Amino acid sequence: MMFSEFLEFIKSNEGAPPSAPDMNPNPSSEIIGAALPRIDGPQKTTGTARYASDYNFPNMAYAVPVRATIASGKIRRIDSSAAEKMPGVLVVLHHGNIMPLYRNASGGRNSESRPPFEDETIYYWGQYVAAVVAETFEQAQAAAAAVRVEYDADKFNVAKSLDDSLPEEGQPGGPRVMSHRGDTEGTFASAPVKVDETYVTPVETHNPMEMHATVAVWDGRKYTLYESSQGVMNHQNVLAQVLGEPKENVEVISRYIGSGFGGKLFPWPQSAIAAAAARKLNRPLNFTLNRKMMFSNSGHRPRTQQRIRIGATPDGKLVSLQQDYRNHTSYGDDFRENCGEATPFLYSTANLKVTSALVRRNVGTPTPMRGPGAVPGLFALESAMDELAIKLKKDPIELRLALDTLTDEEKNKPFSSRHLKECLQIGAEKFGWSRRTPEVGSMRKGDLILGWGVACASWGAGRGVSEAAVSLCSDGTARVSSGTQDIGTGTYTVMAQVVSDKTGIPIEKINVVLGDSSLPPGPTSGGSTATATILPSVIDAVNASIRIVLNVGTTAKASPFAGKDADSLTMTAGRVHAKGQSPQSGVPFQEILRAANLASANGEGKSGGLGADPKARNYSTHSFGAQFVEVEWDPGIATLRVSRVVSVIDGGRIINKRTATNQIAGAVVMGIGMGLFEETIYDPRNGHPINDNFADYIVPTIADAPDIDVHFLDIPDPIMNGYGVRGIGEIGLAGVAPAITAAVYHATGVRVRELPVRIEDLLSRSTA
Ligand code: MOS
C-alpha cells in the first residue's frame, strides 16, 4: 500500500507499550551483518517446506470458481443444473445460496470492500460469480465449465488513457492536494528553464512463484485457514469479521510463502469462499488460484499518468516542482497509488505541489505492489530530473548532489539518517561514471551502443507494534516465535541471528516459529517494516527469558550461583557467569534450568511503534539509494538489454548481507521487468486481461538478468530500533526503471515516457 497508508495501518493498533528497548545501536557483532544462508533454505530446497496448497487432509474437496465473462452488469440467472449432475460434484455456491458473509469495519484491511457473492453486480471481467466444489480438482474444473451464467451486460470502460474529465475537487475521485508549499504556479511561469512532461506506467500484475491458495478446515467450531499471506494476524482479523465469528474461531497459518510483492498483504475473496464451502460440506477444502486468475482476482499495480512540471534556474536550483498524477481504480474500491510518496522531500525546493486523482475502470481492485506509489512516482520524477539535467547540460549526478538536503522540507524535520549523497558518490565510483561521455550514442562496445543512466531511490522507513516470545530450553536450544511470517525475505533467519547475538546460542540451535495467528501478534510483512518492527520485540523477549534464567540461577538449590544476587550475573556465549568474569567461569544456561527442574525459561516481549516513540517524533525516517544502469543497444538487429546495474542502498544497518543482497538483486530484476517487459493489457472488446499467462505477460528471466552489484552503506539509523535497522524489501525496485530509460536515452536519443520501453519506440526514432 502507499507507505503513508501503511503507517496508518500499523499505527492503528499502537496502544502498546513504550518504545524499543536498547536504543543505542549495538557494538559490532560477528553474527549481525553476517552473510548467513537462510535457515529455512534446506526445507525449501528439499521440498519439505509446506506452502498453503500443499496441506492435504483426508476427505479433501476442491473448489474451482466460475468467473464473469462480462466487465460490467448484472447476473440474470445462474443455471448450475447440468454441473450439479456431473461426477463428483458436491455443491455449486453462488450469491443465492452461500452462507452470510460480511464486510469488515473493525480494523484490519480487506483487499475488496465487499465479501464475495454479495450481490449480483459485476464490476470486472473474471469476478467470481460461483464456485463449484467436487471430490477432485479435475471434476470441479470440468463442472465449473458447465455452469451457465446469463448476464445483463452494461457498458464498461477499460481504456488505457486516463485523460477522462475528473470529478470536482472534494468529490470522490476528484483532484486532491497531497502536499503543498509555496507558490508553484507563479514560480514555474517565470522559471528560466522548464520541464513539463507526462509520464505513464502501465498496469502490472504481481506474479509471485506461489499462487494464492486457501486450504480451509472447519472442525464444528473453528476455522483453520492455510493461506499464502503476508499478514496472518490481519488475515485472521478480517476473516473473523467476514465470517461473522469471534477472532479465536479463526486461525490463519502461513508457514512458508513463495513471495507476494504486496499481492498477499490482505485477504482475497477465495479465502472466504473456501471457508464457507468447508463449513457447508463439513470437509477440508482446497481453493487454489491458477496463473490466469492471478491477473483478475488478486490485485495489480494500477496504471498511472503523471504530469511533472519543474522550474529551474540555469545553475540547477529547483524553483518549482509540481506533480499531478492519476491512477485507475476499480468500481468497488478507492485505491490511491501514492505517486507523490518521495516527491515532497527528495530534493530541496521552496515551491512544491502534489495532486492526486482517481479514474474508475472496470478492473479488479488494485493493491499495493512492491514500493507502491514511490516506484511509479519515482519513474516520473527521476525521468524529469534526467530531462532537466540534459536541458541544463549538467551531469545528472552533479545536479542531484547539489539539490540534496538533510531536512525533510515537507515535515520540516531532519531525517533520522540520510546518506543519498554517499549512495550517488559510491555508486558513481563503482560504476565508473567518470568515464561516461554525455553525448547520445557516444559510447560503444564493438557494434553495440552503450547507454548509462542513473536515478535515485527512496522508500519510507517505519516500525509498528509487535510481540514475540523466546524460550531458552533445558536441552540447550532456544525457540523464538511471533505471529509474523517470512515471505521469502529472510525473516526466519534474521530473528535467529538476533537471538543468537543476544544469547550466544549458536544459530543451528535456535528454532524460529512463525506464520500462525495463534502466536503472539507480530507485524504484517509490508511496507518494508517487518524487520525493524519485530526485532525490538524479540530483544525484549530475549531479555525477559535471560532474566528468568538468572533469577532461577540464584534461587535453585543445585545452582552454582544459589544465594547470589541476580544483578551480579549475566549471560554471554550461552553461559551464565558473574559479571566482569569470563563466560568460561560460569555454566551453560541449560544446566541452570536443569538444576531448577525447568523445561524452559519463557520470556515475552513487546515493542511499540515509531509514532508512539517520543524520540522518533522529531525525525523523518526514510531509506535512500542510487541505481546505475548500463544498457546495450544493438541498432543493427534492434535489440536492447540491460547489461549492468550498480545499486547502492542506504537502508540502515544490515542484519544479513546475503538475504539483504538477494532482496535488492531480486528487486533490480523486477525493475528490468517494469522497464522493459511488463504490462497487463485489457481487451477493449470484453475487459479480459488478455495476456493473463506467462507466454504473453513477459517477466524477466535469468537470461535478462544483468551483472548486478549491490552495495549497502550499512549505516545504523539511530532512531529506528536497537540495531539501527530500517527496511530493504522495496527500495531496490525504486529508481531502476527511470535509470533504464535514462540509459536508453543516452544510447539512442529516444526518451521513453511510457513504460515499458518497446523496441518499436527505438526502431522508429533512434538517432544512434
Ligand atoms: Mo509491500 S507492497 O507493502 O508487500
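The values are calculated or read from the model by the stated rules, or taken from the named source; none is laboratory data. Just so it is clear, the model here is predicted, and its values are computed rather than measured. Positions of Cβ are backbone-derived with ideal geometry, glycine not excepted, and every protein chain shown enters the neighbour counts. Please note that ligands, DNA and RNA were not included when accessible areas were found on the heavy atoms of the full protein model with its side chains. Shrake-Rupley method; radii C 1.70, N 1.55, O 1.52, S 1.80 Å.
Does region 452-468 hold any residues that are closer than 30 Å to Leu514 by Cα and either of a type outside the set (Val, Ile, Thr) or assigned to a strand (DSSP E or B) (or both), and which are they?
Of everything in region 452-468, those that are closer than 30 Å to Leu514 by Cα and either of a type outside the set (Val, Ile, Thr) or assigned to a strand (DSSP E or B) (or both) turn out to be Ser458, Trp459, Gly460, Ala461, Gly462, Arg463, Gly464, Ser466, Glu467, Ala468.
If I ask for residues that are away from the ligand (no atom under 16 Å from the Cβ) and among the hydrophobic types (A, V, I, L, M, F, W, C), which ones from region 243-269 would you list? Selection gives Leu243, Val250, Val252, Ile253.
Every test in (1) open to solvent by less than 30 Å² (accessible area, probe 1.4 Å); (2) touching a helix residue (DSSP H, G or I) at 6+ places or on another chain (Cβ under 6 Å); (3) of a type outside the set (Phe, Trp, Tyr) is passed by Thr680 save one, and that test is (2). Select from region 168-177 the residues that are in contact (Cβ under 8 Å) with a residue 60 or more places away in the chain and not small (Gly, Ala, Ser) and write down the one among them that is nearest to Thr329 (Cα to Cα). Filtering first and then ranking leaves Pro172. Gln171 meets the conditions (1) open to solvent by less than 60 Å² (accessible area, probe 1.4 Å); (2) at pLDDT below 95 in every case but one. The failed one is (1). Being small (Gly, Ala, Ser) and within 16 Å of Tyr331 (Cα to Cα) is the filter; apply it to region 93-123 and report the residue that is most open to solvent (accessible area, probe 1.4 Å). The qualifying residue most open to solvent (accessible area, probe 1.4 Å) is Ser113. Looking at region 585-597, is at least one residue under 25 Å from Ser482 (Cα atoms), within 16 Å of the ligand (Cβ to nearest atom) and either among the hydrophobic types (A, V, I, L, M, F, W, C) or more than 36 Å from the chain's Cα centre (by Cα) (or both)? There is no residue in region 585-597 that is under 25 Å from Ser482 (Cα atoms), within 16 Å of the ligand (Cβ to nearest atom) and either among the hydrophobic types (A, V, I, L, M, F, W, C) or more than 36 Å from the chain's Cα centre (by Cα) (or both). Can you give me the number of residues within region 618-652 that are charged (D, E, K, R) and crowded, with 23+ Cβ neighbours inside 10 Å? Summing the residues that are charged (D, E, K, R) and crowded, with 23+ Cβ neighbours inside 10 Å in region 618-652 gives 2. Scanning region 402-422 for residues that are surrounded by fewer than 20 Cβ atoms within 10 Å (Cβ to Cβ) and in a helix (DSSP H, G or I) yields Ala402, Lys421, Glu422. It is to be established whether one or more residues within region 326-333 are in contact with a helix residue (DSSP H, G or I) (Cβ under 6 Å, 6 or more places away or on another chain) and β-branched (Val, Ile, Thr). The answer is no, given that none of the residues of region 326-333 is in contact with a helix residue (DSSP H, G or I) (Cβ under 6 Å, 6 or more places away or on another chain) and β-branched (Val, Ile, Thr). Does Pro37 satisfy being in contact with a helix residue (DSSP H, G or I) (Cβ under 9 Å, 6 or more places away or on another chain) and over 30 Å from Ile654 (Cβ atoms)? Answer is no for this residue. Taken together, the residues in region 330-361 that are part of a strand (DSSP E or B), open to solvent by 10 Å² or more (accessible area, probe 1.4 Å) and of a type in the set (Ser, Thr, Tyr) amount to 1.
Please work out if Phe295 is more than 16 Å from the ligand (Cβ to nearest atom) and hydrophobic (A, V, I, L, M, F, W, C). In short, yes.
For Leu399, the conditions (1) outside any helix (DSSP H, G or I); (2) closer than 28 Å to Val200 by Cβ are fulfilled apart from (1). Evaluate the following for Gly611: is it in a loop (DSSP other than H, G, I, E, B), in contact with an Asp or Glu (Cβ under 9 Å, 6 or more places away or on another chain) and among the small types (Gly, Ala, Ser)? For Gly611, the condition - in a loop (DSSP other than H, G, I, E, B), in contact with an Asp or Glu (Cβ under 9 Å, 6 or more places away or on another chain) and among the small types (Gly, Ala, Ser) - is not met. Which residue is least open to solvent (accessible area, probe 1.4 Å), if the candidates are limited to region 684-719 and must be in contact with a strand residue (DSSP E or B) (Cβ under 8 Å, 6 or more places away or on another chain) and assigned to a loop (DSSP other than H, G, I, E, B)? So the residue we want is Asp717. Put simply, of Ile98, Ile75 the only residue that is of a type in the set (Val, Ile, Thr) and assigned to a loop (DSSP other than H, G, I, E, B) is Ile98.
For every residue, the table says whether it meets (1) in contact with a Ser or Thr (Cβ under 6 Å, 6 or more places away or on another chain); (2) closer than 15 Å to Ala469 by Cβ.
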{"site": "Arg479", "(1), (2)": "yes, yes"}
{"site": "Ile487", "(1), (2)": "yes, no"}
{"site": "Val512", "(1), (2)": "no, yes"}
{"site": "Ser518", "(1), (2)": "no, yes"}
{"site": "Thr531", "(1), (2)": "no, no"}
{"site": "Pro536", "(1), (2)": "yes, yes"}
{"site": "Lys564", "(1), (2)": "yes, no"}
{"site": "Thr570", "(1), (2)": "no, no"}
{"site": "Pro583", "(1), (2)": "yes, no"}
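Which residues, counting only those in region 518-541, are open to solvent by less than 10 Å² (accessible area, probe 1.4 Å) and closer than 14 Å to Gln497 by Cβ? Selection gives Ile534, Leu535, Val538, Ile539. Filtered by the rule that a residue be surrounded by fewer than 22 Cβ atoms within 10 Å (Cβ to Cβ), in contact with a helix residue (DSSP H, G or I) (Cβ under 8 Å, 6 or more places away or on another chain) and assigned to a loop (DSSP other than H, G, I, E, B), region 362-393 gives no residues.
Would you confirm whether any residue within region 357-374 is in contact with a Pro (Cβ under 6 Å, 6 or more places away or on another chain), more than 16 Å from the ligand (Cβ to nearest atom) and either at pLDDT 95 or above or β-branched (Val, Ile, Thr) (or both)?
yes
Out of the residues in region 557-588 that are in contact with a Pro (Cβ under 7 Å, 6 or more places away or on another chain) and among the β-branched types (Val, Ile, Thr), which is least open to solvent (accessible area, probe 1.4 Å)?
Out of the qualifying residues, it is Val587.
Within region 379-417, the set of residues being of a type in the set (Lys, Arg) and on the phi > 0 side of the Ramachandran plot comprises just one member, Lys393.
Taking the conditions (1) among the hydroxyl-bearing types (Ser, Thr, Tyr); (2) open to solvent by 10 Å² or more (accessible area, probe 1.4 Å); (3) closer than 25 Å to Gly260 by Cα in turn, Ser764 satisfies each one other than (3). In region 102-117, the residues that are over 22 Å from Gly262 (Cβ atoms) form Cβ pairs under 7 Å with partners that are open to solvent by 60 Å² or more (accessible area, probe 1.4 Å), at six or more places apart or across chains, as follows: Phe117/His95.
Among the residues making up region 101-149, those that are within 27 Å of Asn56 (Cα to Cα), in a loop (DSSP other than H, G, I, E, B) and among the hydroxyl-bearing types (Ser, Thr, Tyr) are Ser111, Thr136. Among the residues in region 115-129, are any at positive phi, at pLDDT 95 or above and of a type in the set (Gly, Ala, Ser)? Looking for residues that are at positive phi, at pLDDT 95 or above and of a type in the set (Gly, Ala, Ser), one finds at least one in region 115-129, hence yes. State whether the residues of region 306-327 include one that is within 30 Å of Thr621 (Cα to Cα), within 15 Å of the ligand (Cβ to nearest atom) and of a type in the set (Val, Ile, Thr). No, because not a single residue in region 306-327 is within 30 Å of Thr621 (Cα to Cα), within 15 Å of the ligand (Cβ to nearest atom) and of a type in the set (Val, Ile, Thr). Working only within region 475-493, note down all residues that are of a type outside the set (S, T, N, Q) and open to solvent by 10 Å² or more (accessible area, probe 1.4 Å). The answer is Asp475, Arg479, Ile487, Gly488, Tyr492.
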